[in-house]
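Heads up, the thing below is written out as structure tokens.
The values are calculated or read from the model by the stated rules, or taken from the named source; none is laboratory data. Note that the structure is a prediction, hence the values are computed from the model and not measured. Every residue, glycine as well, gets a Cβ built from its backbone with ideal geometry; the counts of neighbours run over all protein chains shown. Quick note on the areas: whole protein, heavy atoms, side chains included, nothing else; ligands and nucleic acids left out. Shrake-Rupley method; radii C 1.70, N 1.55, O 1.52, S 1.80 Å.
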Amino acid sequence: MEFYLLILIILIGLLIGLLVWVIRLFRLYKKGKKKSFAIQVSILTVLLVFITWELQIFPLSKNFHIKGRTTELTGKKFWSWEEFNYEDISVRGEGYSLDIYKFNEETADYFRNPSHEFFDIYPKNELADIKWTKTPVKEDEQRILEFVTPNYGGWEGEIVEQQKIIRTIANQPGAYYSYQDEWSTNFYLIVPEKQLVILINHNM
């Protein structure tokens, strides 16, 4: 709790610092100090791009993040585009996130018959407890599937429908799953026929 409170305080401090900086820029502009104004605007722009990129707010930044993540998980580099995203995060760091991305037909062909390395090496040990495994999810792992597809009170609409779809996919042949179940649970699902990669994090 103290850690997340510290993060919140730091963010508030950064916002105040940014506001002070912007006010200072206006003063420089009014005083006609064009060179100092241009230099500081350039620095501020670079900082804002960097911060928004890291926070995945900058356009296409999340696509690059997902590409890096899926490369680490599968050993194959491929682009994908967002189909669905849901986040429910508390200030304590607990929460739930679901990312569903769609890849192209060429990538789907690879995952229909992936190399042996896909099953033998990926995901690496630090990313998952089990390597890629063909669905349906095994009976003794159903608790993991249930945990990453919850149905909390207040949830309605598309998030509920997506949970149902994920459970259906995971319980029939034709896809691959892997997961990491430590202090938080990461569940990964690749669905070649639907050209989807699904990344879930549940931390409660």
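Confirm whether residue 114 is more than 20 Å from the chain's Cα centre (by Cα) and modelled with pLDDT of 95 or more. First the steps, then the outcome.
Working: more than 20 Å from the chain's Cα centre (by Cα): yes; modelled with pLDDT of 95 or more: yes.
For residue 114, the condition - more than 20 Å from the chain's Cα centre (by Cα) and modelled with pLDDT of 95 or more - is met.
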Region 132-149 residues that are modelled with pLDDT of 95 or more, paired with ones that are assigned to a loop (DSSP other than H, G, I, E, B) and among the aliphatic types (A, V, I, L, M) (beta carbon under 9 Å, 6 or more apart): 134/175; 135/175; 136/175; 141/130; 144/137; 145/137; 147/204
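Being out of contact with any helix residue (DSSP H, G or I) (no Cβ under 6 Å at 6 or more places or on another chain), farther than 20 Å from residue 178 by Cα, among the acidic types (Asp, Glu) and assigned by the TED database to the domain that holds residue 176 narrows it down to one of 117, 106, so name that one. Reasoning before the result, please.
Numbers: 117 fails: farther than 20 Å from residue 178 by Cα.
Selected residue: 106, the only one of 117, 106 that is out of contact with any helix residue (DSSP H, G or I) (no Cβ under 6 Å at 6 or more places or on another chain), farther than 20 Å from residue 178 by Cα, among the acidic types (Asp, Glu) and assigned by the TED database to the domain that holds residue 176.
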If you take the residues of region 167-194 that are at pLDDT 95 or above and touching an Asp or Glu at 6+ places or on another chain (Cβ under 7 Å), which of them is surrounded by the fewest Cβ atoms within 10 Å (Cβ to Cβ)? 174
Any residue in region 93-104 that is more than 18 Å from the chain's Cα centre (by Cα) and modelled with pLDDT of 80 or more? yes
Pairs, please: C-beta under 9 Å, at least 6 apart or cross-chain, first residue farther than 10 Å from residue 74 by Cα and in region 109-124, second open to solvent by 80 Å² or more (accessible area, probe 1.4 Å)? 112/193
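Can you tell me which residues in region 130-156 are in a loop (DSSP other than H, G, I, E, B) and open to solvent by less than 50 Å² (accessible area, probe 1.4 Å)? Even if it seems obvious, please write down each step before you answer.
Kept after step one, since they are in a loop (DSSP other than H, G, I, E, B), are these residues of region 130-156: 130-132, 135-138, 149-156.
Across region 130-156, the qualifying residues are 130, 132, 135, 137, 149, 150, 155.
Any chance region 132-148 includes a residue that's under 19 Å from residue 71 (Cβ atoms), in contact with a Ser or Thr (Cβ under 9 Å, 6 or more places away or on another chain) and of a type outside the set (Val, Ile, Thr)? Reasoning before the result, please.
Residues of region 132-148 under 19 Å from residue 71 (Cβ atoms): 132.
Within this subset, residues satisfying the condition of being in contact with a Ser or Thr (Cβ under 9 Å, 6 or more places away or on another chain) are 132.
Those left that are additionally of a type outside the set (Val, Ile, Thr): 132.
Yes, the conditions are met somewhere in region 132-148.
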